[in-house]
1. Please go through region 124-173 and give me each residue that is buried (at least 17 other Cβ atoms within 10 Å of the Cβ), assigned to a loop (DSSP other than H, G, I, E, B) and more than 22 Å from the chain's Cα centre (by Cα), ordered by number.
2. Pairs only if they're at least six apart or on different chains, beta carbon under 9 angstrom, first in region 128-148 and in contact (Cβ under 8 Å) with a residue 12 or more places away in the chain and at positive phi, second surrounded by 14 or more Cβ atoms within 10 Å (Cβ to Cβ) and assigned to a helix (DSSP H, G or I); list them, first residue then second.
3. For region 49-77, what are the residues that are under 23 Å from residue 14 (Cα atoms) and crowded, with 22+ Cβ neighbours inside 10 Å?
4. All but one of (1) touching a residue at least 24 places away in the same chain (Cβ under 8 Å); (2) closer than 26 Å to residue 17 by Cα; (3) under 21 Å from the mean Cα position of the chain (by Cα) hold for residue 189; state the number of the condition that does not hold.
5. Spot the failing condition for residue 109; the list is (1) buried (at least 24 other Cβ atoms within 10 Å of the Cβ); (2) at pLDDT 95 or above; (3) more than 22 Å from residue 237 (Cα to Cα), and only one is missed.
6. Quick check: is even one residue across region 80-97 at pLDDT below 95 and not in a helix (DSSP H, G or I)?
7. So which of 62, 155, 162 is farther than 23 Å from residue 270 by Cβ and free of Cβ contacts under 8 Å to residues at least 60 places away in the same chain?
């Protein structure tokens with residue numbers, strides 16, 4: 001069974017990010033970036049498959065999420081997130097592919113587009129485009145700004161997830177959700193991310209992200225894969241068309257039956273699509 005080790009990374013503004021690393025350090029690397037409101041544990045299946053395929057994998061909690069530090073200043077801007085990613089990349093000595101879901105995809109795209117040198121060989125954006133569909137954004141916003149008073153138990157949290165994503169089969173044992181929850185002194189459970197992430201902006205993505213991404217899009221020339229959930233309410237046909245216009249090398253891989261949480265909804269299909277793309281553009285043997 002593949003084993004992973006915990007590693008800590010220091011950001012330019014002094015925060016500590018916590019991640020899991022696995023696979024041979026001399027192999028081509030894949031950095032996994034989760035979505036807003038998630039933690040690195042959302043990539044558990046993908047990380048296992050990537051390391052089994054021979055990649056060195058870094059999977060870290062973004063600032064304000066999971067086991068990583070919260071920003072004292074409440075800075076969760078796209079610039080801060082990209083600077084954090086560059087700090088993580090500075091510890092890797094082999095060629096890198098970036099795989100980012102939602103917020104993680106935006107972070108990866110912006111980091112590549114604003115870098116003064118090549119920082120990645122390939123990019124995978126998981127159910128996020130440069131300008132996401134408004135209806136889907138509002139749905140995520142409603143979920144992430146709700147439940148300010150937390151949950152009495154993990155079953156209540158599972159109810160909230162089921163209400164957000166009713167098409168996903170509900171697990172018989174919801175205890176796995178504890179990786180995404182934090183027990184506070186009042187005895188209630190809260191999502192494991194800083195709520196100020198939403199206080200400073202009206203959407204779950206960094207402020208003015210679409211305009212910033214469009215501005216740097218001409219500088220993103222690496223092979224790019226857009227993974228789209230077949231039932232996604234975030235990436236629609238218009239989003240895909242704009243992505244292909246601004247980033248013409250974009251390939252699109254649709255996962256039937258998956259919503260916005262593609263890797264969680266259809267993990268096997270997601271992994272095969274990503275591994276096939278990486279096998280062509282970022283192989284483990286060179």
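1. Of everything in region 124-173, just one residue is buried (at least 17 other Cβ atoms within 10 Å of the Cβ), assigned to a loop (DSSP other than H, G, I, E, B) and more than 22 Å from the chain's Cα centre (by Cα), namely 150.
2. Qualifying pairs under 9 Å: 147/156; 147/157; 147/160.
3. Within region 49-77, the first condition is being under 23 Å from residue 14 (Cα atoms), and the residues that meet it are 58-77.
Once the filter is applied, which keeps residues that are under 23 Å from residue 14 (Cα atoms) and crowded, with 22+ Cβ neighbours inside 10 Å, region 49-77 yields 58, 59, 60, 61, 62, 63, 64, 65, 66, 68, 76.
4. (3)
5. Residue 109 satisfies every listed condition except (3).
6. The first filter runs over region 80-97 and keeps only residues at pLDDT below 95, leaving none.
No, that holds for no residue.
7. It is 155.
One line per residue, one yes/no per condition, for (1) touching a strand residue (DSSP E or B) at 6+ places or on another chain (Cβ under 9 Å); (2) buried (at least 17 other Cβ atoms within 10 Å of the Cβ); (3) assigned to a strand (DSSP E or B); (4) modelled with pLDDT of 95 or more:
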{"residue": "240", "(1), (2), (3), (4)": "yes, no, no, no"}
{"residue": "248", "(1), (2), (3), (4)": "no, no, no, yes"}
{"residue": "251", "(1), (2), (3), (4)": "yes, no, yes, yes"}
{"residue": "268", "(1), (2), (3), (4)": "no, no, no, no"}
{"residue": "272", "(1), (2), (3), (4)": "no, no, no, no"}
{"residue": "278", "(1), (2), (3), (4)": "yes, yes, no, yes"}
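The values are calculated or read from the model by the stated rules, or taken from the named source; none is laboratory data. A quick note: this is a predicted structure, and the numbers were derived from the prediction, not measured. All Cβ positions, glycine included, derive from the backbone under ideal geometry; neighbour counts span all protein chains shown.
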